[in-house]
Structures are given as structure tokens and as C-alpha cells.
Amino acid sequence: MKKVIILSLVILLTMGIVFSVSSAKEFKPKAEYTMTVNVNPAFGWGMSAQKWCDLIQERTGGKINVKPYWGSQLLAGKQMNWFQAVAEGSIDFAVESTINSSAVVKSHNLFSLPFFINTYENLDKIEYGETGKKMFAEMEKMQVKALAWGENGFRQLTNNVRLVRTPEDMVGLRLRVCPTPIYDDIFKQLGADPIHMNWGDAVTGFQQGAVDGQENPYGVLLPVKIWEYHKYATNWNYLVDPLLFVVNKKVWDSFPEDIQTIVKEAAEEAGMWEKAFVRRGLDGDISINILKDKFGETPEILDQIAYVIDSDHSQVSSFFKSDSNS
């Protein structure tokens, strides 16, 4: 009887080893996983996407290779379609804006409610609280696994006509805005004329005087050198533009647990870096210290507002002041 028990244990252990080995062999990663990114690597947004890819490759020993495709080229420039593409599996990964997914994931419109979330403290409470968890759960049901938050930033107003201090100053301004109904409604209610166009066409419009201004975060204003087109800037934090680090749900489920852990931790690290990078100088020394202490980095430009003012000698006003950026 004792021999039978021992033999049975040996057989079970052998089966377990075989099962473990065969399970490990079942995972065959693709040679390349695709990632869509709406911007290019010159932006903090793009830098964080590249950082995520690099961390995944490094920490998986080259097993998982994710290639970013810039400027929404996998979507033929149609940035608003990123969520559907990841959900259906035609694209594997994305670092994308909630603005561009808000037509499909209705809860993402929360971030576009004007003057509702106008401080970093309020934003962080939403993203890392129950609301953020529910958004992630909602996306997972739609076959998109969200792993971390990033940030394009609070969107500010610039134009080349006049300094905007009150809603009355908005009347008649032709402004390039994000192509969503809520953006149109906001600017129409303020008396402006919202215009939809890609950035290249917008720049031509600025130069020809056909478009008066635009709205974007400082993380965008610096790389595009907005002072070359506009004289006036208004810091009003009227709404915020969070980013999401996501992966197709089937792709995520195909990864072994150790790979999942690496991919998620890499997303969180890249997201933390990106948030600190785009917030630097806009939240006092908080993000600057995160970059220095956590990542050992000291960016050349620490005070983004001062840099813009010094670059273009523009006048910067505060319209609807906030504690964090006014």
C-alpha cells in the first residue's frame, strides 16, 4: 500500500511538471505588438509611450516587443477611433487621450465638464479613487484593459487677437478645438466660433489669419512653439486631458502572470514619469522633485509658464483662477 501511495505521488508530481512546462510553452508572443499614439516622440505623451515600450522589452528580456506608431498612423489619422481599434484587436496597445475615447466610453466625458476638475488634487482623487476604478472596469468589459493613468494636462487658451480675461472677450474668436460635441457647446456658450481641423491645417490658418487661436495644455504649447503664432495666453484650467495606458483584453489575457505584472508595473512607472514631466513647474516643486528623486532627472525647462512668456513676450492672464495653476 505504501508503495502504491508513493508511486501515485510520483506520477502526480510528474504530471504537474509536464503540465507546467506545456503551459509555459503555450505562450508564444507575437514578434511585434502594435501601439497607437496620437502625437510624436517630441511630446511628453509620446516620450512616455516610448518609455513604456522600452521598459516592457527590457524587463521581459526581449520576449515582448511593442512598437509605437506615431501620429495615429495605424488609424489613418482618425484619432477618435483608437478605442474601437484596440477593443476589436486590430491594435494591441495604446497610450491615448480620454477625449478621443469619450464618444464610445461616455464616462470619459467627465474630464471635459468645463471648470469642474480644475486642480491636480481633484483630478488625482477622481483617477485613483472609486471613479477611476469604475472607469477601468467599464473599459475592461468593452475589451480594453486599462493599466495606468497619464496626462496631457489642463488645457489653456491662446490666440493672436486679444487678451481674454472675461467671457465677453471670447465673443467672435475663431478657435481650433477638439472635435467633440461638448467642446463645441462650451465655446459656443462662451460666444466663440469653434473650428475642427488637424494641427497642420490649424497652423496654416493661424498664419493666414483665418483661425484666431486654439486650446491645448502646456505640454503641447512648448513643443509646437505656440508663441510663433499667438501673442496672448489665458491660464484657466477649464478642463483636463487625461491619458490612458491600455492593452487589448485578449492580448492581456494571453500573457502569463509574470508578463502581466511587468507590463502593468511598466505602465504605472511610465505614467508616473509622464505626469511629473507635464506638471513640472505647474504644481510648485512637487513634480520637479518626483523627476529628481524618483527618476534622477532634471529637465532643462522647469517653469513652463515663464518659458512661454520669455519666449514670446506675451501677456498671460488668469481667467477663472485655480490654486494649482494661475
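Some observations on this one:
- Note on region 55-89: residues that are out of contact with any Lys or Arg (no Cβ under 8 Å at 6 or more places or on another chain), over 19 Å from Asn38 (Cβ atoms) and either touching a residue at least 40 places away in the same chain (Cβ under 8 Å) or open to solvent by 50 Å² or more (accessible area, probe 1.4 Å) (or both) total 9.
- Listed here are the strands (runs of 3 or more DSSP E) enclosed by region 76-166 that have at least 2 residues being more than 15 Å from the chain's Cα centre (by Cα): 156-159.
- Strands (runs of 3 or more DSSP E) fully within region 185-282 that include at least 1 residues being without any contact (Cβ under 8 Å) to a residue 60 or more places away in the chain and open to solvent by less than 50 Å² (accessible area, probe 1.4 Å): 193-195, 213-216.
- If the condition is being under 14 Å from Leu243 (Cβ atoms) and of a type in the set (Gly, Ala, Ser), then region 91-111 contributes Ala94, Ser97, Ser101, Ser102.
- Within region 218-252, the set of residues being closer than 20 Å to Leu163 by Cα and among the polar types (S, T, N, Q) comprises Thr234, Asn235, Asn237.
- Pairs are defined by a Cβ separation below 7 Å, a sequence spacing of at least 6 or placement on different chains, a first member in region 120-148 that is within 15 Å of His108 (Cβ to Cβ), and a second member that is exposed (fewer than 14 other Cβ atoms within 10 Å of the Cβ); no pair meets this definition.
The values are calculated or read from the model by the stated rules, or taken from the named source; none is laboratory data. What you see is a predicted model, and the numbers here were worked out from it, not measured in a lab. Neighbour counts are summed over all protein chains in view; Cβ atoms, including those assigned to glycine, are modelled from backbone coordinates with ideal geometry. Keep in mind that these areas ignore ligands, DNA and RNA; they rest on the heavy atoms of the full protein, side chains included. Shrake-Rupley method; radii C 1.70, N 1.55, O 1.52, S 1.80 Å.
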